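Structure first, commentary second.
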Amino acid sequence: MNIPQLLQHLYRRRPSEASSSGHGDLPSTARTAPQTVAANPAPARLCADPVHIPGLDRLDLKQAIITHLEWCVLFNEHLGADKSLPPPKQDLPGERASGLGLWLTQARQRPPGQHPLFGELLREHQRFHELANQALGLARIGRMDAASTLLNTDFERSRARVLEILRAIQKSAG
């Protein structure tokens, strides 16, 4: 799958599709990954009637979504599931240095930071990066079975939740 196809695939995924990871190139097993992440608190329900926040910019939020998806593509490259490809030339940015992490830092002082879901977005983005680091660590020690399980469960739910929250905030833009 080429990068534009992967971006399109990731962008169109919905939380109801969370049972599939988008990481079809990794083996899937019934074995579970070690549970080192604390249980995620129950997520706030997304409002059916979006809150209107003056000054929210739909294009700004679309860019935040795109940077998150681009990071997901780079993450896939770093995971190294396809050994026929050369290693990535670009380092994998961490939570705060990722495109979305930088956007979140700037958004705190702007209208997106005033949205009721912004705090949840911050927490879920942090959790997403913690799970990504766990999966990378498992892959580096040759535990692709456990990495795959993690990617297909908690990581995928977190990835989808970050997108769901961003889209809910985007719907609030006027």
Inset, instruction - Return the total of residues in the stretch 130-156 being surrounded by fewer than 20 Cβ atoms within 10 Å (Cβ to Cβ) and under 14 Å from the mean Cα position of the chain (by Cα). - result: 3
Legend entry - Residue that is nearest to the chain's Cα centre (by Cα) [pool: residues in the stretch 162-173 that are open to solvent by less than 30 Å² (accessible area, probe 1.4 Å) and either farther than 17 Å from E70 by Cβ or not hydrophobic (A, V, I, L, M, F, W, C) (or both)]: I165
Legend entry - Yes/no for P116 being out of contact with any Asp or Glu (no Cβ under 7 Å at 6 or more places or on another chain), closer than 14 Å to I165 by Cα and not hydrophobic (A, V, I, L, M, F, W, C): yes
Legend entry - Given (1) closer than 18 Å to W71 by Cα; (2) assigned to a loop (DSSP other than H, G, I, E, B), index of the condition L151 fails: (2)
Legend entry - From the options Q109, Q134, Q126, Q170, residue that is at negative phi and either part of a loop (DSSP other than H, G, I, E, B) or in contact with a strand residue (DSSP E or B) (Cβ under 7 Å, 6 or more places away or on another chain) (or both): Q109
Inset, instruction - Quick one: count up the residues across the stretch 89-113 that are within 20 Å of L131 (Cα to Cα), open to solvent by less than 90 Å² (accessible area, probe 1.4 Å) and of a type outside the set (A, V, I, L, M, F, W, C). - result: 6
Inset, instruction - Output the number of the condition that L122 fails; it satisfies all remaining conditions of (1) within 20 Å of I66 (Cβ to Cβ); (2) in contact with a Gly (Cβ under 9 Å, 6 or more places away or on another chain); (3) open to solvent by 30 Å² or more (accessible area, probe 1.4 Å); (4) not aromatic (F, W, Y). - result: (2)
Inset, instruction - Could you grab me the full set of residues in the stretch 55-88 that are open to solvent by 30 Å² or more (accessible area, probe 1.4 Å) and in a loop (DSSP other than H, G, I, E, B)? - result: G55, D57, A81, D82, K83, S84, L85, P86, P87, P88
Inset, instruction - Would you please list the contacts, defined by Cβ atoms under 7 Å and residues six or more apart or on different chains, that run from a residue in the stretch 118-130 that is without any contact (Cβ under 8 Å) to a residue 40 or more places away in the chain to a residue that is open to solvent by less than 10 Å² (accessible area, probe 1.4 Å) and among the basic types (K, R)? - result: F128/R159
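The values are calculated or read from the model by the stated rules, or taken from the named source; none is laboratory data. Since this is a predicted model, take the numbers as computed values, not measurements. Cβ: placed from backbone, ideal geometry, glycine included. Neighbour counts: every protein chain shown. Heavy atoms of the whole protein, side chains included, go into the accessibility calculation; ligands, DNA and RNA do not. Shrake-Rupley method; radii C 1.70, N 1.55, O 1.52, S 1.80 Å.
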